[in-house]
Structures are given as C-alpha cells and as structure tokens.
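Notes for the one structure printed next.
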Amino acid sequence: MNGDRLQRKIDVKICVLPGDGIGPEIIVQALRVLKALDLKCEIEEAPLGGCAVDAVGDPFPEATQRLALAADAVLLGAVGGPKWDVLPRELRPERGLLGIRKLLGLFANLRPAALYPELANASTLKPEVVAGLDLLIVRELTGDIYFGQPRGIETRGVDGVEQRIGINTMIYSEEEIRRIGKVAFEAARKRKRKLCSVDKSNVLETTQLWRDVMNELAPAYPDVELTHMLVDNAAMQLVRAPKQFDVIVTGNMFGDILSDEASMLTGSIGMLPSASLNETGKGLYEPCHGSAPDIAGKGLANPLATILSVAMMLRYSFALEEMAQRIENAVKNVLGQGLRTADIHEPGTTKLDTEQMGDAVLAAL
Ligand code: IPM
Ligand code: MG
C-alpha cells in the first residue's frame, strides 16, 4: 500500500507547450532530461502562440486550454515572432501567454537571477559588481495595467479637438497585493530575509496602496527586513549595486521591466528559468528568454534555461527538491567542464549545439 501511495505521489501530468521560434528545440532537450528522471509522468503537447494561430487561427485554442487546466503543471518554450506582429492584437502570440496566465490564475511570477561563477565574464558589468549575485524578482502577474479596465483606443473630443486617445488602467485590489506580498515574504524567509518592495508611490495611488499593504503584512514576518524603493531608483540601483538585493517584489508592469534588467546582470539570459504559480501551487514553467526567431532551427539555442525550468517545476509543483537539485547540479557540472552554447561561449571553452548541450546534461545527470 505504501508503494502504491508512493507510486501515485510521483505520477504527474504535464502539459507541454513548445511554442514558437527556438521554443520547440529547447523543449526537446528539457523533455529528454525530464524523461531521464525517476518520475512517472504523462506528457501532452499542445500549441500556444503563433504556431496555434497558424494551426487553428487562435493563439490560445480551446483544446490547449482544456489540457492546461487538466495538467498538474505546464512547461512552456517561448511564444512570438515578427511573423505575427502584423496581426490584430487579439490574434498575437502574446495574447496566448497572457490568456494562460489569467486562465490558470498564475499570479506569482518568480524570476531568479543568479550569476554562475563560471560565467562571471558573460556580464557586461564589472566582475566585482556582479560576483556572487543571487536575487529573486517576485512579479505580480495577473493584475495591474496589463489587465485593468477600461482599456482601448477610442476617438473623443479632447481640448476641443476630436482625436484618438489610448487608455489603460493601472489597478490593484488590496487582496491582490496581499497575496503576492505573502509569496514574497515567504520566499525571503527561505533566503537572506531581505525584501525590497518596488513602487512609484510618489506619483501613483495604486502603488501607494501597494506600499501600505506591504507595510501591513510586515509585522507577520518579523524575521524579514522590508524596505521600499521607487521604481526609477530600483532600475538604477540594479546596475549600480545589484548585490544589495535579495528578494524584490513588485507589480506586473514594473516587474516586466526590472526582470529583464536583472536577467542581463548575469549576462546570460539563456540560463534563467522562471515559475508562475497560482494559489494551489500549480505552475507554468518557462525560460526567461524569448522565442529568438533569428536563431530558430539552427541548433544555436541554449536549452539550459528550459532544463532549469524543469527543476523549478519539480521543486514548486511537486515538492521533489532532491530531483530539482540533481538537475541543477548537472547544469553546474556541465558549466564546470567548460561546455557552452554559442550565447555563453568564450575562448578556452567548448562550443556545443543545442542537442549536444542536452547530451551533456544527460551525461552529467
Ligand atoms: C514576459 C513577456 C510578456 C510580458 C509578453 C510576451 C506578453 O515580456 O513574460 O516578461 O510582458 O509579461
Ligand atoms: Mg518581459
């Protein structure tokens, strides 16, 4: 009976969305790693993004929605490409991504940015500024100006002139702020216990509320040091002295911008995984980088961010910490051997293509 329970515990259903550009080729390598683990999993693939628009005329087809809802976790490659940028907004690949975030209620986006010592030269910043860098951005993912109503482009009289106006609404309820705040405080607790909340409370009421709610949460986490920073200053501090940060919590829009900035501190966006979680711990896991259509199909893509996203899946959705660490250690081992894809290659290291990098990780496992 024990064995049976154990069996069931590791029996998981994963929905895989390869997406566009380099998405499919990096997913192939991540799945090889997943299948090499001692984990009984059922994998179902479905289209999302541009490939779904091409196949069925919808960036987030109903069949994909059903599979994503039924799965225990979702693994995504990347979506988008210039080919679809000419389409109306509701048909663009990005709509698929925003759609799945909203459908699954994935409000908590965890974007770690840690520098691998072996890749210290990859950063454009001086090694002493980034050596030992290890920060986590907790970005709210289902609210803010991304989803606020009203929105649109309409024609109105403004200053006596009939003209087009563009409208988006930045809005957060205190409940939305509280739940992401809790995720961030909990994350800080498991790290260096420093949480910096980023807002623009000198100008925007929404983010004044954000700051107030973070302060209201703080007494429940006396072991975590909470500080606040205005977003413009945070953008500056991230390049000036990024090691002052441990966990950063911020809204959807600011988090979008700051997480791109943070990822480049490491100089190797091809290495960074991410997790987007809902209230039940169900998650979508994807590399931080995009679909890189310019290098798609050439074997140049770095599969490590996607492989590391599998590790995050094992950790956050399935509580399989040991298995997660096995993957992370395999990646470190590969870097230690001087094996690199083109994006992180430097003189004295060995250049591998996408599949060879998959082989190397498998061997190290
Ligand atoms: C990201 C991306 C998306 C976002 C786009 C593709 C809609 O930039 O995941 O950061 O803005 O959230
Ligand atoms: Mg972004």
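Values as computed for the structure displayed
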item: Enumeration of residues in region 107-139 that are part of a helix (DSSP H, G or I) and either under 23 Å from C196 (Cα atoms) or among the charged types (D, E, K, R) (or both); result: E118, E128, V129, V130
item: Meets criteria (charged (D, E, K, R), within 16 Å of ligand 2 (Cβ to nearest atom) and either within 30 Å of N121 (Cβ to Cβ) or out of contact with any strand residue (DSSP E or B) (no Cβ under 7 Å at 6 or more places or on another chain) (or both)) for E205; result: no
item: Matching option when the condition is out of contact with any strand residue (DSSP E or B) (no Cβ under 7 Å at 6 or more places or on another chain) and farther than 20 Å from A364 by Cβ, among N278, N302; result: N278
item: Candidate set: region 345-356, residues that are in contact with a strand residue (DSSP E or B) (Cβ under 7 Å, 6 or more places away or on another chain) and not in a loop (DSSP other than H, G, I, E, B); chosen: the one nearest to G297 (Cα to Cα); result: K351
item: Test: residue in region 46-68 that is within 13 Å of L17 (Cβ to Cβ), crowded, with 17+ Cβ neighbours inside 10 Å, within 16 Å of ligand 2 (Cβ to nearest atom) and of a type outside the set (D, E); result: yes
item: Residue ID - surrounded by the most Cβ atoms within 10 Å (Cβ to Cβ), chosen from residues in region 286-306 that are within 16 Å of ligand 2 (Cβ to nearest atom) and under 26 Å from F318 (Cβ atoms); result: P287
item: Exclusive hit being out of contact with any Gly (no Cβ under 6 Å at 6 or more places or on another chain), outside any loop (DSSP other than H, G, I, E, B) and away from ligand 2 (no atom under 16 Å from the Cβ), set L31, L98; result: L31
item: Those residues of region 27-69 which are more than 23 Å from the chain's Cα centre (by Cα) and small (G, A, S), in sequence order; result: A36, A55, G57, A63
item: Residue within region 58-65 that is part of a helix (DSSP H, G or I), free of Cβ contacts under 8 Å to residues at least 60 places away in the same chain, farther than 29 Å from I177 by Cβ and of a type outside the set (G, A, S) present; result: yes
item: Hey, G290 within 16 Å of ligand 1 (Cβ to nearest atom) and assigned to a loop (DSSP other than H, G, I, E, B) or not; result: yes
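One line per residue, one yes/no per condition, for (1) crowded, with 19+ Cβ neighbours inside 10 Å; (2) in contact with a helix residue (DSSP H, G or I) (Cβ under 9 Å, 6 or more places away or on another chain); (3) under 17 Å from D246 (Cα atoms):
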{"site": "A113", "(1), (2), (3)": "yes, yes, yes"}
{"site": "A120", "(1), (2), (3)": "no, yes, no"}
{"site": "T155", "(1), (2), (3)": "no, no, no"}
{"site": "D159", "(1), (2), (3)": "no, no, no"}
{"site": "E162", "(1), (2), (3)": "no, no, no"}
{"site": "N168", "(1), (2), (3)": "no, yes, no"}
{"site": "R178", "(1), (2), (3)": "no, yes, no"}
{"site": "R189", "(1), (2), (3)": "no, no, yes"}
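One line per residue, one yes/no per condition, for (1) of a type in the set (G, A, S); (2) in a helix (DSSP H, G or I):
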{"residue": "V310", "(1), (2)": "no, yes"}
{"residue": "L314", "(1), (2)": "no, yes"}
{"residue": "A319", "(1), (2)": "yes, no"}
{"residue": "A330", "(1), (2)": "yes, yes"}
{"residue": "D343", "(1), (2)": "no, yes"}
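Every number in this text was worked out from the coordinates using simple rules, so none of it is lab data. In this text the structure is predicted, and so the values were computed from the model without any measurement. Don't worry about glycine lacking a Cβ; one is built from the backbone with ideal geometry, like all the others, and counts go over all protein chains shown.
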